[in-house]
1. With of a type in the set (Val, Ile, Thr) and touching a Pro at 6+ places or on another chain (Cβ under 8 Å) as the only criterion, which of Thr136, Thr105 stands out?
2. Is there a residue in the stretch 314-327 that is at pLDDT 85 or above, under 28 Å from Met85 (Cα atoms) and open to solvent by less than 20 Å² (accessible area, probe 1.4 Å)?
3. Kindly provide the set of residues from the stretch 191-224 that are modelled with pLDDT under 85 and touching a Ser or Thr at 6+ places or on another chain (Cβ under 7 Å), ordered by number.
4. Name every residue in the stretch 124-133 that is surrounded by fewer than 21 Cβ atoms within 10 Å (Cβ to Cβ) and within 20 Å of Trp18 (Cβ to Cβ), in order of residue number.
5. Answer yes if at least one residue in the stretch 266-285 is buried (at least 18 other Cβ atoms within 10 Å of the Cβ), without any contact (Cβ under 8 Å) to a residue 60 or more places away in the chain and not hydrophobic (A, V, I, L, M, F, W, C), and no otherwise.
6. Does any residue of the stretch 8-19 turn out to be crowded, with 18+ Cβ neighbours inside 10 Å, within 21 Å of the chain's Cα centre (by Cα), at pLDDT 90 or above and assigned to a helix (DSSP H, G or I)?
7. How about the stretch 170-190: which of its residues are of a type in the set (Ser, Thr, Tyr) and at pLDDT below 90?
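The values are calculated or read from the model by the stated rules, or taken from the named source; none is laboratory data. This one's a predicted model, so the numbers in the text were calculated from it and none came from an experiment. All Cβ positions, glycine included, derive from the backbone under ideal geometry; neighbour counts span all protein chains shown. Accessible surface is based on the protein model in full, side chains and every heavy atom, while ligands, DNA and RNA are left aside. Shrake-Rupley method; radii C 1.70, N 1.55, O 1.52, S 1.80 Å.
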Amino acid sequence: MTGTAGAGMFLAALAFVWPFLGAAAVCAVSVARSRELAIWMSAIGCVLALAVFVFPASGAVAAGWDDDPVQRAGRVMLAFGLLLMVLENGILHDRLVRSLPHVSTALAGLACIAPDPAVGLGILEAALAWGVFVFTRPAGQARMGWGLIRNGSVGTFLVLSGLLLPANTVVSGLLMACGLVVLTGLSPFGQFWQDENDTFLFLPFAGAALLLAMRLRTHGGEAFETALVLCGLLSVWLTACAGRFADRQRLFRTFPSALALIAVGIQADVAALLFLCGWCLAGGGRAGRGWAVNTLACFPPGAPFVGCLLLLSMMSDWSWPLALLTVAGILAAVTRAVPARDITHHFWPQDAAGRVACSVLTATGLLVPLAMMLGAF
């Protein structure tokens, strides 16, 4: 192994280990210093993830797990999602709770690079089990923990069942697609978090599931891709047709996940990456904030807006009728779910976390098309 290849492997390994080191560090220091240290550790993790994207590991050792630029860029999004979670939360007194975002992000990153997607699913299940343990330690939380582990385990079981069947069959494709819909928390099929702290676990968890979906296409085949598109389209239209405003807002939380699954289904991986950026930085519990609502609604200049353009340009080649249904569904969902005041207000947030999120979303929306023109994707 040459010196350059060895340096690339060391950098990649450090990027994957770093969130675990961050979790240990924030548990070891005093409560007063924990948030400041968590911000520094997560910010360094973002720098390492960007460095791995720009200078990927090369050679036979890295073949098959780090040779896809979309997967590397997806792990960058997971790292920035961790930074945002740390920034927007104050000092947490429980050591395990404040370390959970770091642990779940680290396990999500490891799941994405597992040599076999089945191993990656096992790592996600371990992340789910650890998160449930952290959440259910207080007395009286066993029922909530059972609900969390049940839904996540059902999704994992369905995907693994599909992987055990012969590749490129209708049954295996449908089972895998249904399992991934549950794992990503797609409304209304698998949205299984209730408390805002649950996003510590499920933001990186659902993001890793989306990245794994890209790797499962070779086994799932055409039935898998079609099922993802139909499930995503159904979720978009359910958001548009929900009767009560509160229901539309709840469904709107996973709007980028629905669009990302449609993009994965038509093999528009770069568009899925841009929607993943929207999910990590504006999805989940942030859907009630003005700037996040604008992002989820695919307003310019954020990454989901560019992803929406890429998705629709490729979907017209895949199926014109479904492309028209997607356009109509997006317009209907945005019109009904986004209050008129949020279109003009809160364009630039006042809090540090929101400013970081908007900056990353805008930069990603501008740089990813440029990287496509330069041949990086």
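1. Numbers: Thr136 fails: touching a Pro at 6+ places or on another chain (Cβ under 8 Å).
Every option except Thr105 fails the conditions.
2. Step one: list which residues in the stretch 314-327 are at pLDDT 85 or above, which gives 314-315, 320-327.
Now drop any that are not under 28 Å from Met85 (Cα atoms), which leaves none.
For the stretch 314-327, residues at pLDDT 85 or above, under 28 Å from Met85 (Cα atoms) and open to solvent by less than 20 Å² (accessible area, probe 1.4 Å): absent.
3. Just the residues of the stretch 191-224 that are modelled with pLDDT under 85, to begin with: 191-201.
The answer is Gln191, Trp193, Phe200, Leu201.
4. Residues satisfying the conditions are Ala126, Trp130.
5. Among the residues of the stretch 266-285, not one is buried (at least 18 other Cβ atoms within 10 Å of the Cβ), without any contact (Cβ under 8 Å) to a residue 60 or more places away in the chain and not hydrophobic (A, V, I, L, M, F, W, C), which makes the answer no.
6. Within the stretch 8-19, one or more residues are crowded, with 18+ Cβ neighbours inside 10 Å, within 21 Å of the chain's Cα centre (by Cα), at pLDDT 90 or above and assigned to a helix (DSSP H, G or I).
7. So in the stretch 170-190, the residues of a type in the set (Ser, Thr, Tyr) come out as 172, 184, 187.
Passing the criteria: Thr184, Ser187.
Residue-by-condition table, conditions (1) open to solvent by 40 Å² or more (accessible area, probe 1.4 Å); (2) at pLDDT 90 or above; (3) touching an Asp or Glu at 6+ places or on another chain (Cβ under 6 Å):
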{"site": "Thr2", "(1), (2), (3)": "yes, no, no"}
{"site": "Ala5", "(1), (2), (3)": "no, no, no"}
{"site": "Gly22", "(1), (2), (3)": "no, yes, no"}
{"site": "Cys27", "(1), (2), (3)": "no, no, no"}
{"site": "Arg33", "(1), (2), (3)": "yes, no, no"}
{"site": "Ala43", "(1), (2), (3)": "no, yes, no"}
